[in-house]
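J.: Before I ask anything, here is the structure I am working with.
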Amino acid sequence: MTGILLITQIVLVVIITIAVLLQKSSSIGLGAYSGSNESVFGAKGPGGFLAKMTFFFGFLFVVNTVTLGYFYAQESSASVVDSVADTTDIAAPAAVQLPAETQEAPAVETNASN
């Protein structure tokens, strides 16, 4: 799920960047290269349309960012040790058992040479 949202995030960034660069500014930006676009967008030109489009894609960008943050927070709540413990099927070795004769305490020999 996060892969799809991440790709959507990248596409939204590209669309917003293009929409912002096409808007008129004091230096005209990339809008000078678009030709006579007033006939496509109406008598007022692309100003209103591009502003609405930028707002719409900006809103989608913010919603997508919050959603990505939520999913990444859910993924990071799982511990790395938990994921390693789930993937390993090797059981811990049993405690080493000593042979029966060595389990008894050794006899203490005392020399009574006094």
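J.: Name the single residue, out of those in the range 21-71 being closer than 30 Å to Ile4 by Cβ and of a type in the set (S, T, N, Q), that is modelled with the lowest pLDDT.
T.: Residues of the range 21-71 that are closer than 30 Å to Ile4 by Cβ, as a first pass: 21-23, 30, 49-71.
Filter once more, keeping what is of a type in the set (S, T, N, Q): 23, 54, 64-65, 67.
On the way: Gln23: 81, Thr54: 91, Asn64: 96, Thr65: 96, Thr67: 95.
Checking each candidate, the answer is Gln23.
J.: May I ask you to list pairs of residues, at least six apart or on different chains, whose Cβ atoms are under 9 Å apart, with the first in the range 1-24 being aromatic (Phe, Trp, Tyr) and the second being outside any helix (DSSP H, G or I)?
T.: Nothing qualifies.
The values are calculated or read from the model by the stated rules, or taken from the named source; none is laboratory data. What you see is a predicted model, and the numbers here were worked out from it, not measured in a lab. Cβ atoms come from the backbone with ideal geometry, glycine included; neighbour counts cover every protein chain shown.
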